[in-house]
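The values are calculated or read from the model by the stated rules, or taken from the named source; none is laboratory data. Computed from a prediction, not measured in an experiment: that's the story for all the values here. Heads up, the Cβs are rebuilt from the backbone with ideal geometry, glycines too, and the neighbour counts pull from every protein chain shown.
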Amino acid sequence: MSALLGIEIGPFTRAQGSIILPGSKSISNRALLLAALSSGQTTLTNLLDADDTQVMRNALRTLGLSVVDQPNNICIVSGCGGQFPVRDADLFMGNAGTAIRPLTAALAMQGGNYRLSGVARMHERPIRDLVDGLRQVGADIAYELQEGYPPIKISAADIQIQDVVKVRGDVSSQFLTALLMALPLVAQKPVRIEVVGELISRPYIDITLKLMARFGVKVACPDMQSFVIPAKTSEAVYQSPGQLLVEGDASSASYFLALGAIGGGPVRVLGVGRDSIQGDIAFADALALMGASISAGEDWIEVVGVKNPSGKLHGITIDCTEIPDAAMTLAMLLYFLMARLA
């Protein structure tokens, strides 16, 4: 048994420097699937290299697509125009929830036969609400072991959208994301999706809608609970944008932005900027309200300490519903406020 290595930390009086953020997992897997379903070749840059994205890439390869990894987190995906070449496959999805849920919906639209399974933990993660939504349009999906959970089997079925598609919004935003991305493939007329109950994690739905728009499908939102998918005008619904930069993860950015505020800075994060499509980018606005000195460009954000005459952050009251992941970083700043007030 090897001895644990010790790590000495601080105390430090200043934090400064810059860091390139890894690509967002949420954006990476959405972009991979949309690129696969589109017409044309898409070059994805700053794609996250993680278990979830490797699972998605391997699944797409099993489905007959060309997905080529290149150095520096670049991936080139040759789209299939909405129809996967392989119509019968057994896919192992590990524990990648961001992969199995949207892929399940896309596969249900293919008219093929597929099985999706994963590690033991994946078989404990619910998928019933997505399956219920897909069954409303005629999808043939069966649970192999436990009702409501993977593994699942998808059989060829005639997809017919006769009415409004309803999905619960209070369990996981990934179910709605999956339906939004898949239903344009079969939308012979405009399709309306209605969310039943509270829609949690709305910022992640906004990521989905903005990425779909980049691939040529613009979804209307007549109210906070409804989404209208346009009717398809050609066989290949999604069109490749050619190249897409995967934004750095805004949740991860929050740690370094906070460091720049309490450590004097300047601390600059690269890969995400003022026009980010991620909800957690609002963490920078919260820091500014607390007195931090913030500046931003197209693909960077920088914090240089505090601009208050006192040189100290001050407390704020803020609803963190829209920044659920970054809320924990804000909570950590409370300790610094308390220490300085003591």
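Scoring residue 129 on the criteria (1) surrounded by fewer than 17 Cβ atoms within 10 Å (Cβ to Cβ); (2) within 27 Å of residue 202 (Cβ to Cβ); (3) in contact with a Lys or Arg (Cβ under 6 Å, 6 or more places away or on another chain) leaves a single failure, condition (1).
Listed here are the residues, each with its yes/no results for (1) closer than 24 Å to residue 51 by Cβ; (2) of a type in the set (A, V, I, L, M, F, W, C).
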| residue | (1), (2) |
| --- | --- |
| 107 | yes, yes |
| 120 | yes, yes |
| 126 | yes, no |
| 133 | no, no |
| 137 | no, yes |
| 146 | yes, no |
| 151 | yes, no |
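Among the residues of the range 22-59, those that are crowded, with 17+ Cβ neighbours inside 10 Å and either hydroxyl-bearing (Ser, Thr, Tyr) or more than 29 Å from residue 325 (Cα to Cα) (or both) comprise 24, 26, 28, 37, 38, 39, 42, 43, 53.
Scanning the range 178-197 for residues that are more than 19 Å from the chain's Cα centre (by Cα) and of a type in the set (Gly, Ala, Ser) yields a total of 2.
Per-residue answers, yes or no, for (1) within 18 Å of residue 185 (Cα to Cα); (2) crowded, with 17+ Cβ neighbours inside 10 Å; (3) acidic (Asp, Glu); (4) under 18 Å from the mean Cα position of the chain (by Cα):
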| position | (1), (2), (3), (4) |
| --- | --- |
| 62 | no, no, no, no |
| 87 | yes, no, no, no |
| 94 | no, yes, no, yes |
| 98 | no, yes, no, yes |
| 107 | yes, yes, no, no |
| 117 | no, yes, no, no |
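Among the numbered conditions (1) crowded, with 18+ Cβ neighbours inside 10 Å; (2) part of a strand (DSSP E or B), the only one that residue 19 does not meet is (1).
The residue pairs whose first member lies in the range 34-55 and is on the phi > 0 side of the Ramachandran plot, whose second member is part of a strand (DSSP E or B) and surrounded by fewer than 24 Cβ atoms within 10 Å (Cβ to Cβ), and whose beta carbons are closer than 9 Å, counting only pairs six or more residues apart or on different chains, are 40/78; 40/239; 46/20; 46/74; 46/245. Against the conditions (1) buried (at least 22 other Cβ atoms within 10 Å of the Cβ); (2) part of a helix (DSSP H, G or I); (3) touching a residue at least 40 places away in the same chain (Cβ under 8 Å), residue 282 satisfies every one except (1). Per this entry, residue 298 is not counted among residues that are part of a strand (DSSP E or B) and either surrounded by fewer than 18 Cβ atoms within 10 Å (Cβ to Cβ) or assigned by TED's automatic domain parsing to the domain that holds residue 261 (or both). Taken over the range 128-156, the residue count meeting the criterion of being of a type outside the set (Asp, Glu) and free of Cβ contacts under 8 Å to residues at least 40 places away in the same chain is 14.
Per-residue answers, yes or no, for (1) buried (at least 20 other Cβ atoms within 10 Å of the Cβ); (2) assigned by TED's automatic domain parsing to the domain that holds residue 133; (3) touching a strand residue (DSSP E or B) at 6+ places or on another chain (Cβ under 9 Å); (4) in a loop (DSSP other than H, G, I, E, B):
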| residue | (1), (2), (3), (4) |
| --- | --- |
| 162 | no, yes, no, yes |
| 176 | yes, yes, yes, no |
| 179 | yes, yes, yes, no |
| 185 | yes, yes, no, no |
| 200 | no, yes, no, yes |
| 210 | no, yes, no, no |
| 213 | no, yes, no, no |
| 221 | no, yes, yes, no |
| 231 | no, yes, yes, yes |
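For the range 240-248, the count of residues that are assigned to a helix (DSSP H, G or I) and surrounded by 13 or more Cβ atoms within 10 Å (Cβ to Cβ) is zero.
A single entry from 227, 256 fulfils the requirement of being in the same structural domain as residue 279 (by TED's automatic domain parsing) and in contact (Cβ under 8 Å) with a residue 24 or more places away in the chain: 256.
Look at the range 304-323: where a residue is within 23 Å of residue 198 (Cα to Cα) and a partner is small (Gly, Ala, Ser), sitting 6+ places away or on another chain with Cβ atoms under 7 Å, you get 318/286; 320/327; 322/279; 322/282; 323/279; 323/282.
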